Amino acid sequence: MVKENLAQVMENIENACKRSNRDVNEVTLIAVSKTKPVEMISEAIDAGVVNFGENKVQELTDKMEYFKDNQNLKWHMIGHLQSNKVKYIIDKVSLIHSVDSYSLAQKISEQAVKKNVNANILIEVNVAMEESKFGLSCEDVKELVIKIGALPNITVRGLMTVAPYVENPEENREIFRKLKKLCVDIKSKNIDNITMDILSMGMTNDYEIAIEEGSTMVRVGTGIFGNRNYNI
Ligand SMILES: *Cc1c(COP(=O)(O)O)cnc(C)c1O
């Protein structure tokens, strides 16, 4: 099932790229494996997936440990991150998508210095200003990015958003457009340690629209692994 789902998602990504005159190599698919067993991750690996996203530190570190012999894999922290857990993942993940405060960035920088690594991060933006979601408002992003870029051993690679759940994904187009604009705007300032080359937006429900609006990383869970059951 994972293999067939993946083929469909890849085809949809290619079509979205064609519609928007983009090179398919500009878009990285992150398979969001949260709550799913390692057997399903193995199926995805066999089908060619190298990027995996998890939203809980414990689950992420358990799965990274299980697959530690596979050097090709890249792990992404996409969920809310508590400062006291940064030390468990800092030298293991390839990208932290969910930095939503200066204090968290400080902690990431501090731990990166300690472990002598460079941390790649994205700033999470709550474009729609939903109360239930984490992330900064668009207005606060620029100032925070500049402050974070000045911290040691940290590179701000771009922005990330979790768009609202909507019946018709077209409703999220404006949100993606707004995030893209914000990203281009900050990039144009050419600030040290702020590369702004990654735009992480689009999930199962709306990744095609996100790609049409410039996404470079789509985070797809349900579309690859099926529905999640949180009650087991
Ligand atoms: C769960 C999750 C996803 C994947 O959601 P699907 O709708 O299953 O594709 C993407 N991003 C984040 C931050 C998530 O927590």
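Here are some notes:
- When the chymotrypsin sites (Phe, Trp or Tyr not before Pro) in segment 36-131 are filtered for DSSP coil states and for at most 11 other beta-carbon atoms within 10 Å of their beta-carbon, no site remains.
- Dipole axis of the chain (+1 Lys, Arg; -1 Asp, Glu on Cβ), positive-most option in 51, 96, 117: 117
- Extending 7 Å from Cα along the Cβ direction at residue 72 and again at residue 25 yields two label points whose distance is 1.8 nm.
- Residue among 160, 132, 108 farthest towards the positive dipole end of segment 90-232, charges placed on Cβ: 108
- Within segment 51-118: Cβ-based charge dipole about Cα centre, in debye rounded to nearest 20 (Lys, Arg +1; Asp, Glu -1): 160
- Dipole moment magnitude, nearest 20 debye, segment 2-225 about Cα centre, only Lys, Arg, Asp, Glu C-beta charged: 760
- Contact order, relative form, for the chain: 21 percent (alpha carbon pairs under 8 Å, 6 or more residues apart, mean separation divided by residue count).
- Filtered trypsin sites (Lys or Arg not before Pro), segment 15-98: DSSP coil and at most 14 other beta carbons within 10 Å: 68
- Reachable aspartates and glutamates, given that their alpha-carbon falls under 13 Å from the alpha-carbon of residue 36 and they are not under 8 places away in the same chain: 54, 59, 62
- Dipole in debye (nearest 20) - segment 100-229, about Cα centre, beta carbon charges: Lys, Arg +1; Asp, Glu -1: 620
- Too-long pairs where the Cα-Cα distance tops 27 Å, listed order kept, from 3/68; 3/85; 74/180; 18/189; 63/114; 18/92: 3/85; 18/189; 18/92
- Prolate/oblate/rounded label for segment 2-225 (Cα gyration tensor, a/c 1.5): oblate
- Anisotropy class of segment 1-127 from Cα gyration tensor, a/c 1.5 cut: oblate
- Spin-label model distance (nm) - residue 137 vs residue 94, 7 Å beyond Cα toward Cβ: 3.5
- Segment 132-198: GluC sites (Glu not before Pro) in DSSP coil with no more than 11 other Cβ atoms inside 10 Å: 167
- Counting only lysines at least 8 places from residue 178 when in the same chain, those with an alpha carbon closer than 16 Å to its own are 142, 187.
- Once you reduce segment 109-139 and segment 1-57 to the center of their Cα atoms, the two points are 23 Å from each other.
Bear in mind that the values in this text are calculations on the coordinates, not laboratory data. In this text the structure is predicted, and so the values were computed from the model without any measurement. Using ideal geometry, Cβ is built from the backbone for each residue, glycine included, and neighbour counts are taken over all protein chains shown.
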